[in-house]
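Reviewing the structure listed below.
The values are calculated or read from the model by the stated rules, or taken from the named source; none is laboratory data. Bear in mind the structure is a predicted one, so any value in this text is a computation, not a measurement. Reconstructed Cβ throughout: ideal geometry from the backbone, glycine too, with neighbour counts over all protein chains shown.
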Amino acid sequence: MKKSDLDQVLAIEKGSFLMPWLRSHFLNEFHREYSVQLVAEAKHKIIGYLICWFEADAMHIANLAIHPEWRRQGIAHRLIQKLIKDQQWASLVWLEVRPSNYAARLLYKKMGFSEKGIREKYYVDEGEDAILMVKWLHFNGKG
Ligand SMILES: CC(C)(COP(=O)(O)OP(=O)(O)OC[C@H]1O[C@@H](n2cnc3c(N)ncnc32)[C@H](O)[C@@H]1OP(=O)(O)O)[C@@H](O)C(=O)NCCC(=O)NCCS
């Protein structure tokens, strides 16, 4: 992700979330050593993105969204696959997801994540819980 991608990223973000990240949130990511920002492009347009934070031996997917016209075409799957392939030091990858977000939960389950717990009233907008999902990685012989 580059600064010049942000107008397109923000349009997808606003169309995807009840509590969208602001431009300043994305800009902050560029200065964080522990953050990686991936984009998916088609015909020179941004069609999706993923933000991940490195935390000790874990990767935390902090944001992921795909342009509505490009959903169900394997883009999110490929972004997560690329993240995992490029970061073979990690033992696990985890994230929070709303119980009501069936599409995302199905995507993560299909990719081998399992639901490991609940963070109560995690989302301040509607007080919805978050489901904690984890995928253990096996490249490095751990776990
Ligand atoms: C969730 C989201 C990222 C999925 O992106 P995507 O590129 O459409 O997902 P993929 O095409 O890679 O889907 C892979 C698999 O996940 C499951 N899946 C994804 N979306 C689904 C849906 N709407 N209904 C049922 N299953 C779905 C399917 O098993 C799918 O495989 P299939 O199409 O072969 O059946 C996308 O819907 C999105 O941007 N939603 C809004 C933002 C969001 O919720 N982000 C995640 C926050 S935790």
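One table, with the values for the structure above:
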| quantity | calculated |
| --- | --- |
| Residue among ILE75, ILE80 that is touching a helix residue (DSSP H, G or I) at 6+ places or on another chain (Cβ under 9 Å), within 10 Å of the ligand (Cβ to nearest atom) and either β-branched (Val, Ile, Thr) or at pLDDT below 95 (or both) | ILE80 |
| Test set (1) more than 15 Å from the ligand (Cβ to nearest atom); (2) within 19 Å of ALA130 (Cα to Cα); (3) not aromatic (Phe, Trp, Tyr) - ILE61 fails condition number | (1) |
| Residues located in region 83-120, provided they are touching a Phe, Trp or Tyr at 6+ places or on another chain (Cβ under 9 Å), of a type in the set (Phe, Trp, Tyr) and within 12 Å of the ligand (Cβ to nearest atom) | TRP94, PHE113 |
